[in-house]
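Engineer: Right, I'll just put the structure down here and ask away after.
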Amino acid sequence: MALAMKEAQAAADRGEVPVGAVIAKGNSVVASAGNRTRELADPTAHAEMLAIREACRVLSSERLTDLDLYVTLEPCAMCAGAISFARLRRLYFGAADEKGGAVVSGVRFFASPTCHHTPDIYPGIGESEASLLLKTFFKERRDV
């Protein structure tokens, strides 16, 4: 999760919403990314989506069955769908997202009977640090 936090901080430094993601196989990092929606003018350029795309490219496979995703913020419905279709083994995330999250908040994507694959889910990993980074980022923008 520390690497995902570094990606989130790098995203914040670029003016992006500070979310970072890392995909790992055991102790080996396969892919990592931070949000780039503004930079790429792409609403799908969430950290999770970019990390999944990179992991699939590196492994030449659309299935990431024995890999784990670490992300600093609860994934949205789009990212939860990608996680399911990629068949990621485990999902670890930091801060819950009551407004846009889709794992333990909102639509609870993985609880849907039409969900293809549900990873093992571990919420609240590094939650305080992830929440503080997000709160600070948005407070600075409101105070300008």
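The values are calculated or read from the model by the stated rules, or taken from the named source; none is laboratory data. Note that the coordinates shown come from a computational prediction; the quantities given were computed from them, not determined experimentally. All Cβ positions, even for glycine, are placed from backbone atoms using ideal geometry, and neighbour counts span all protein chains on display. Side chains are part of the model used for accessible areas, which takes the heavy atoms of the whole protein and leaves out ligands, DNA and RNA. Shrake-Rupley method; radii C 1.70, N 1.55, O 1.52, S 1.80 Å.
Engineer: Using a probe of 1.4 angstrom, how much of the accessible area of the chain is carbon and sulfur, in percent?
Structural biologist: Of the solvent-accessible surface of the chain, carbon and sulfur hold 53 percent.
Engineer: Under a plain spin-label model, where a point goes 7 Å from the Cα along Cα-to-Cβ, how far apart in nm are Ala10 and Thr65?
Structural biologist: Going from the Ala10 label point to the Thr65 one covers 3.0 nm.
Engineer: So, one more: Per 10 Å bin from zero, what fraction in whole % of the C-alpha pairs of segment 77-144 is there, up to the bin with the longest pair?
Structural biologist: The calculated distribution, bin by bin, is 19, 45, 25, 10, 1.
Engineer: To continue, here is another question. How big is the equivalent ellipsoid of segment 26-144 along its three axes, where each semi-axis is √(5λ) from the Cα gyration tensor, reported in whole Å from largest to smallest?
Structural biologist: 23, 17, 14
Engineer: What does the charge dipole of the chain about its Cα centre add up to, to the nearest 20 debye, if the Cβ of each Lys and Arg holds +1 and the Cβ of each Asp and Glu holds -1?
Structural biologist: 160
Engineer: When we measure straight from the Cα of Lys139, which lysines land under 29 angstrom away, once same-chain ones fewer than 8 places off are left out?
Structural biologist: Lys6, Lys99
Engineer: Another question, then. For a test of the definition: using alpha carbon positions, the gyration tensor, and the 1.5 limit on a/c, classify segment 38-93 as rounded, prolate or oblate.
Structural biologist: Oblate shape, in that a/c is at least 1.5 and b/c is the bigger or equal ratio.
Engineer: Then there's this: Would you mind working out the accessible area per residue for the chain, using a 1.4 Å probe, and quoting it in Å²?
Structural biologist: For the chain, the per-residue accessible area is 52 Å².
Engineer: Tell me the relative contact order for segment 6-144 as a rounded percent, counting alpha carbon contacts under 8 Å between residues six or more apart.
Structural biologist: Dividing the mean separation by the residue count of segment 6-144 yields 19 percent.
Engineer: Which log10 I(q)/I(0) values does segment 1-94 give at q = 0.13 Å⁻¹ under the Debye formula, counting every alpha carbon as one identical point scatterer?
Structural biologist: -0.35
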